[in-house]
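First the structure, in the form of structure tokens, and then the observations on it.
The values are calculated or read from the model by the stated rules, or taken from the named source; none is laboratory data. All of these numbers come straight from a predicted model, not from anything done at the bench. With ideal geometry, Cβ positions are generated from the backbone for all residues, glycine too; neighbour counts draw on all protein chains shown. For the accessible areas, the whole protein counts, side chains as well, though only heavy atoms, and no ligand, DNA or RNA atoms are used. Shrake-Rupley method; radii C 1.70, N 1.55, O 1.52, S 1.80 Å.
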Amino acid sequence: MKLAGRVAIVTGGTRGIGKAIVWSLAREGAKVAFVYRSNAEAAEQLVKDLELDQREVLAIQGDVANKESADAIVEQVIEKWEKVDILVNNAGIIKDGLLATMSADQWGDVITTNLNSVYNFCQAVTRPMMSARYGRIINMSSVSAHYGNSGQSNYAASKGGMEGFTRCLATELARRGITVNAVAPGFIETDMTEAVRNAAGSEIKKKIPVRRLGLPDDIANAVTFLASDDASYITGHVLTVDGGLTLGGL
């Protein structure tokens, strides 16, 4: 197993892409702590399922947008497993709307949850990883960071900021054996994208060269690769996983 002996933190880990990432990392041998905000039932079920599969897992409730919460979560994981090797910043929300009518809360909630949370957790793990001279940080971006979707100025800004942050942090940490990369999914079959998929119907698949929507496992596999030693010479990179969607634009 490629991640045997590693310890990982995954934010937003109870459903969709996050849940698939938790499973993928665990199956490769990592001990995984996943963070959830409110769905305790889903978190408890995921823990049960992973434990039945003989995986080591820890569910932690917390607000990823709160710096003190992020610090406490990282401290809890280190207390339990003595280190953090892998951080996956997956937590994110969408509150779409045209800018002309977008409320300050719509803008602020998306930026705070999607972008500030990345700062919170990256800063919390940086010193432990630097001391260990090893780390893998993967931030979940989106193709929306590069291709303008009407009504997603807040979401695109959060993901574009995340990618710039990823490149800067990669240069800061490279000499300490820590890689920092991002994964940018296209249209993936999750609850978050359901409204967009329903509105666009079959037209979405016509824009994707491979002629299918992505699955959460498609993204999880990319994350697991970047978290492994197979990707030790890759840093500051944004890996687009979209079935070729962005080859011709959105």
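Exactly one of these conditions fails for residue 193: (1) over 23 Å from residue 25 (Cα atoms); (2) modelled with pLDDT of 90 or more. Give me its number. Failed condition: (2). Residues in the range 196-247 that are more than 15 Å from the chain's Cα centre (by Cα), hydroxyl-bearing (Ser, Thr, Tyr) and under 21 Å from residue 145 (Cα atoms) were compared, and the one that is modelled with the lowest pLDDT is 246. Selection of first residues in the range 62-88 that are without any contact (Cβ under 8 Å) to a residue 60 or more places away in the chain and in a helix (DSSP H, G or I) and of second residues that are of a type in the set (Gly, Ala, Ser) and open to solvent by less than 10 Å² (accessible area, probe 1.4 Å), restricted to Cβ pairs under 8 Å at least 6 apart or on distinct chains, gives the following pairs, ordered by first then second residue: 69/62; 70/62; 70/117; 72/62; 76/33; 80/33.
Mind listing whichever residues of the range 57-78 are over 13 Å from residue 43 (Cβ atoms) and among the polar types (S, T, N, Q)? So that I can check it myself, show each step before the final result.
Keep residues of the range 57-78 that are over 13 Å from residue 43 (Cβ atoms), which gives 63-78.
The answer is 66, 69, 76.
With the checklist (1) touching a Ser or Thr at 6+ places or on another chain (Cβ under 8 Å); (2) without any contact (Cβ under 8 Å) to a residue 24 or more places away in the chain in hand, flag the one item residue 16 doesn't pass. Result: residue 16 fails condition (2) only.
Annotation: residue 65 fulfils all but one of (1) closer than 20 Å to residue 159 by Cα; (2) surrounded by 23 or more Cβ atoms within 10 Å (Cβ to Cβ); the unmet one is (2). Within the range 93-112, no residue that is farther than 25 Å from residue 18 by Cα sits with its Cβ atom under 6 Å from a residue that is assigned to a helix (DSSP H, G or I) and open to solvent by 50 Å² or more (accessible area, probe 1.4 Å) at 6+ positions apart or across chains. Residue count for the range 1-45 satisfying the condition of being assigned to a strand (DSSP E or B), open to solvent by less than 30 Å² (accessible area, probe 1.4 Å) and closer than 15 Å to residue 85 by Cα: 8.
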